[in-house]
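The values are calculated or read from the model by the stated rules, or taken from the named source; none is laboratory data. Source: prediction; values computed, not measured. Every residue, glycine among them, receives a Cβ derived from its backbone with ideal geometry; neighbour counts consider all protein chains shown.
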Amino acid sequence: MPTPRRPAQRGGGRLRALDGLRLVAALMVAVYHYGGRDGVIASAWGDTPRHQFPTMHQWFAYGCLGVQIFFVISGFVICMSGWGRPLRSFFASRVSRLMPAYWVAVVLITLVFALPPVVYRTVSPSDALVNLTLLQEPLGADRVLGVDWTLWVEIRFYALFALFLVLPGVTRRRVVLFCAMWTMGAAIAQAANQPLLNLVLMPQYASYFIGGMGLYLLHRNRRDAVAWGIVVVNWLIGQHYAVASLWHAPNPDFFSYRHASVIMLIVTLGYVLVGAIALGALKWADWRWLTVAGALTYPFYLVHEHLGWVAVRMLHRGLGVPSWATFTLSIAGMLLLAWLLNRYVEKWATPKLRKALAAPTPR
């Protein structure tokens, strides 16, 4: 059967509410990194965030679930952007979207951590260079960016999508088959516990990407019963993995205690919000500033953690700024830096790199 055409959207076809949701997910991860865990951030504060934020640190600990929401959004967006696009164009769009800001972030953080007033543990020059490939995770090199593990997950999703859908040509039938086979394959990989299968099929994260792809099918045709099934099944699997990885029995020795019901609620809310956008329930949220928010999300996500440690230490321990003011100013400073990266790096380098990669190669 012919695939129903995607309904037209206001604002030139851009789903601006999705841009806003992406920034919300990034801010969730930021509050987790600044106040929802111990570790290096405790050194930056000079004390555990449990003492800095006696009440809110428990809620900040749920911010790590922004990553799962990111993956649902990514499944939706990649399915949308890859539909009808040849492999060369798809490859060019992904590389040009990820790499310019990433390269600058790697160099910037490496240099800042080497400054005498900062002097934080830096990676070796060899590992820093490997980080420029975005393959440091599988190669076993030390990481410059703590968040780059999520980019390695994204890259594997892009590779699967390109191989099984973009290369033969994206159609509804192929998307449905891909989603079904990946869902089953990820379950088998979990049961088999084979490192190679886990590496390729990513059972812990597959359900979020697959659910996002199912939501895009609903964006094209809300009456698609199979797409509804894809979304529901992968929501059920996704909440299971989120609870399994983040829940533990109450223990006063742990930084915080996450309730299973709250974890399930946040994962469910992520699916529901992307679904509401897919079905047009949030088409009224067509404000132009949401496009700017979406543009800031990726560079903010790259720089906020490590440079946030520096900002927190300088403001709180160096200048004596109160905890909540330091928290707010650090996030605002990282948003400003993200705007600069978008304005002076991405807007200049992304179209040039995309054009160069998408250009046909002379024979």
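Before moving on, here are some points about what is shown:
- Residues satisfying the stated conditions in the range 146-177, i.e. farther than 13 Å from Arg88 by Cα, in contact with a Leu (Cβ under 9 Å, 6 or more places away or on another chain), assigned to a loop (DSSP other than H, G, I, E, B) and among the hydrophobic types (A, V, I, L, M, F, W, C): Val147
- Counted residues, the range 81-104 - those being in contact with a Ser or Thr (Cβ under 7 Å, 6 or more places away or on another chain), under 21 Å from Gly212 (Cβ atoms) and touching a residue at least 24 places away in the same chain (Cβ under 8 Å): 2
Every residue, every condition in (1) assigned to a helix (DSSP H, G or I); (2) crowded, with 21+ Cβ neighbours inside 10 Å, yes or no:
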position: Pro203; (1), (2): no, yes
position: Gly214; (1), (2): yes, yes
position: Arg223; (1), (2): no, no
position: Ala227; (1), (2): yes, yes
position: Ile230; (1), (2): yes, yes
position: Gly238; (1), (2): yes, yes
position: Tyr241; (1), (2): yes, no
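- Checked against (1) within 18 Å of the chain's Cα centre (by Cα); (2) of a type in the set (A, V, I, L, M); (3) within 30 Å of Val243 (Cα to Cα), Val95 meets all criteria but (3).
- Some residue of the range 297-305 being out of contact with any Leu (no Cβ under 6 Å at 6 or more places or on another chain), farther than 21 Å from Val29 by Cβ and among the charged types (D, E, K, R): no
- In summary, Ala189 fulfils each of the numbered conditions (1) surrounded by 15 or more Cβ atoms within 10 Å (Cβ to Cβ); (2) out of contact with any helix residue (DSSP H, G or I) (no Cβ under 9 Å at 6 or more places or on another chain); (3) not aromatic (Phe, Trp, Tyr) with the single exception of condition (2).
- Which listed residue, of Phe91, Phe60, is in a helix (DSSP H, G or I), crowded, with 18+ Cβ neighbours inside 10 Å and either in contact with a helix residue (DSSP H, G or I) (Cβ under 8 Å, 6 or more places away or on another chain) or modelled with pLDDT under 95 (or both): Phe60
- Scanning the range 249-287 for residues that are among the polar types (S, T, N, Q) and closer than 29 Å to Arg14 by Cβ yields a single hit, Thr268.
- Residue satisfying all of: in the range 118-138; in contact (Cβ under 8 Å) with a residue 24 or more places away in the chain and part of a loop (DSSP other than H, G, I, E, B); nearest to Leu341 (Cα to Cα) among these: Leu132
- Flag if Arg97 is under 24 Å from Ser207 (Cα atoms) and surrounded by fewer than 18 Cβ atoms within 10 Å (Cβ to Cβ): yes
- Single match in Pro4, Pro54, Pro100 (criterion: closer than 27 Å to Val175 by Cα and either part of a loop (DSSP other than H, G, I, E, B) or modelled with pLDDT of 90 or more (or both)): Pro4
- Pairs where the first residue, in the range 304-319, is over 16 Å from Leu337 (Cβ atoms) and the second is buried (at least 19 other Cβ atoms within 10 Å of the Cβ) and among the polar types (S, T, N, Q), C-beta under 6 Å, 6+ apart: His316/Thr326
- Residue in the range 29-38 that is over 14 Å from Asp286 (Cβ atoms), modelled with pLDDT of 50 or more, surrounded by fewer than 16 Cβ atoms within 10 Å (Cβ to Cβ) and out of contact with any helix residue (DSSP H, G or I) (no Cβ under 6 Å at 6 or more places or on another chain) present: yes
- Scan the range 297-348 for residues that are basic (Lys, Arg) and closer than 25 Å to Met99 by Cβ and the total you get is 2.
- When we screen Val292, Val345, Val303, Val310 for residues that are modelled with pLDDT under 95 and closer than 24 Å to Phe113 by Cα, the only hit is Val310.
- Selection status of Trp247, touching a Lys or Arg at 6+ places or on another chain (Cβ under 7 Å), without any contact (Cβ under 8 Å) to a residue 40 or more places away in the chain and either among the hydrophobic types (A, V, I, L, M, F, W, C) or surrounded by fewer than 21 Cβ atoms within 10 Å (Cβ to Cβ) (or both): yes
- Considering residues of the range 100-109 that are β-branched (Val, Ile, Thr) and surrounded by 18 or more Cβ atoms within 10 Å (Cβ to Cβ) only, the residue nearest to Leu341 (Cα to Cα): Val104
- Scan of the range 326-347 for residues that are touching a residue at least 40 places away in the same chain (Cβ under 8 Å) and either in contact with a Pro (Cβ under 8 Å, 6 or more places away or on another chain) or aromatic (Phe, Trp, Tyr) (or both), ordered by number: Phe327, Ala338, Trp339, Leu341, Asn342, Val345, Glu346
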